[in-house]
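The values are calculated or read from the model by the stated rules, or taken from the named source; none is laboratory data. Fair warning: this is a prediction, and the values are worked out from it, not measured in the lab. No Cβ is skipped: glycine too gets one built from the backbone with ideal geometry, and neighbour counts run over all protein chains shown. Heavy atoms of the whole protein, side chains included, go into the accessibility calculation; ligands, DNA and RNA do not. Shrake-Rupley method; radii C 1.70, N 1.55, O 1.52, S 1.80 Å.
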Amino acid sequence: MTKKKILYIANGNNIHDVKWISFFSERTDEYTCFLMCDTLCEFTEQTKSTLAKLNIQLVPQIEPLSIKSPLLSWKSIRQFKKTISEIQPDIIHVLFATPNALWLNFTNTSSVITTRGSDILRVIPELRTESGIKKLYFKYLFYRFKKAFKKAKYCTGTSQAQLDSMHNYFSMADAKLIRTGVDTEKIMNSSHDDFLPRELHGIKYIISPRFMSPIYRIDLQLETIEKLSDAILGEYTFAFVRGLQFDQDYYSEQLKTLDHLREKYGLKFIVFDYLTQDQIVAVLKHASLCIMTPVSDGTPNSALESMAARCPLILSNLPYDNDLFSGTCIKLNENTAESLRIAIQTAIDDYPDSVLNHAQIQVIRNGDRTNEMLKLAKLYESIH
């Protein structure tokens, strides 16, 4: 196979983006991998060092496109084309479509678009529902996204719902299901004990691994905590993750609620700023329960990691793929505090080993990172 140069348009601070890229960047005999991020992505020296160790070459960051600043957008487009001319990639791969797919309107290089959830399930559909003075602007944006998707050689999604959405909005019947996947063997066969945060040593805890943003409905979880029994509140610590990129107002509101619950009910809680991949796995392997309550989702890696780690799992009432999430977790009957309260009580009282066993089997079959990335490799190989 001829060595290919791939330019990824992605977020270098996003662990899932880096997982997609590093699978190929570490295969230096087959691929040379570049990463372009917009200027909203602020890199620490540690992140730059990590990317370099993974053989991911950073190219100059680029200002986001903005209809409000035509001159700035024109300069960004020029810079984008200059980078393409200098690198001459064989493939441009967009990870997370909004807003990154818009750049494909300014190049004829063969491209791949990967959606991962809210980009195609919420952001793009909402462009069609805007009314009032912004309607024309959002209509124009939708048209530009549609053009970019049509230009792409391949489009992939991490869940069936995403493929359905691409078909509904862009008449795409041939989008491919490729999940991010997790390193199932490593999770199952390594203890990860050395990576468990010291705050969690020797206690029973329930983990909410999704970041503190409105889309993940941490507020619903806190509303539910107020309804839990004294026995659960007395026995378990609740752990949350703020995330590197978060909604400051929403985060502040949740902290106030947590402080209130501590004062009124004696709630024990921990909020981590961020957890590394190894820390997340260690946390899941020792957790009593993992809870996720998003309003929109693809195939969440933290759920797959929970399944591989044999951690009891509660998910929202969303159309998750049955090949992974049927009979492998507790799904809420409805996305309400009462439904979540019942689910938590049920999981604490009696979470069957048979469900944990089935979860591990299904994640190996349908959510293994190597198997999923090899599907993408075949797409790359077909692009000439």
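A few remarks follow.
- Scanning the stretch 319-345 for residues being open to solvent by 30 Å² or more (accessible area, probe 1.4 Å), touching a Leu at 6+ places or on another chain (Cβ under 9 Å) and either without any contact (Cβ under 8 Å) to a residue 40 or more places away in the chain or not in a helix (DSSP H, G or I) (or both) gives a total of 5.
- Checking the stated criteria, residue 45 turns out not to satisfy the condition of being among the charged types (D, E, K, R), surrounded by fewer than 18 Cβ atoms within 10 Å (Cβ to Cβ), farther than 27 Å from residue 379 by Cα and touching a Leu at 6+ places or on another chain (Cβ under 9 Å).
- For the stretch 189-230, filtering for residues that are assigned to a helix (DSSP H, G or I), open to solvent by less than 10 Å² (accessible area, probe 1.4 Å) and within 17 Å of residue 273 (Cα to Cα) leaves 2.
- Pairs meeting the criteria (first residue in the stretch 295-312 and without any contact (Cβ under 8 Å) to a residue 60 or more places away in the chain, second residue of a type in the set (Phe, Trp, Tyr), beta carbons under 9 Å, at least 6 apart or on different chains) are 303/320; 303/325; 312/351.
- Restricting the stretch 231-287 to residues that are part of a loop (DSSP other than H, G, I, E, B), out of contact with any helix residue (DSSP H, G or I) (no Cβ under 7 Å at 6 or more places or on another chain) and not hydroxyl-bearing (Ser, Thr, Tyr) leaves a set whose member that is surrounded by the fewest Cβ atoms within 10 Å (Cβ to Cβ) is 273.
- Per the conditions (1) touching a Ser or Thr at 6+ places or on another chain (Cβ under 6 Å); (2) within 14 Å of residue 363 (Cβ to Cβ), the sole criterion not satisfied by residue 337 is (2).
- Single condition residue 148 does not satisfy, out of (1) assigned to a helix (DSSP H, G or I); (2) open to solvent by 10 Å² or more (accessible area, probe 1.4 Å); (3) of a type in the set (Gly, Ala, Ser): (2)
- Pairs where the first residue, in the stretch 122-148, is more than 20 Å from residue 167 (Cα to Cα) and without any contact (Cβ under 8 Å) to a residue 24 or more places away in the chain and the second is open to solvent by less than 80 Å² (accessible area, probe 1.4 Å) and in a helix (DSSP H, G or I), C-beta under 9 Å, 6+ apart: 130/138
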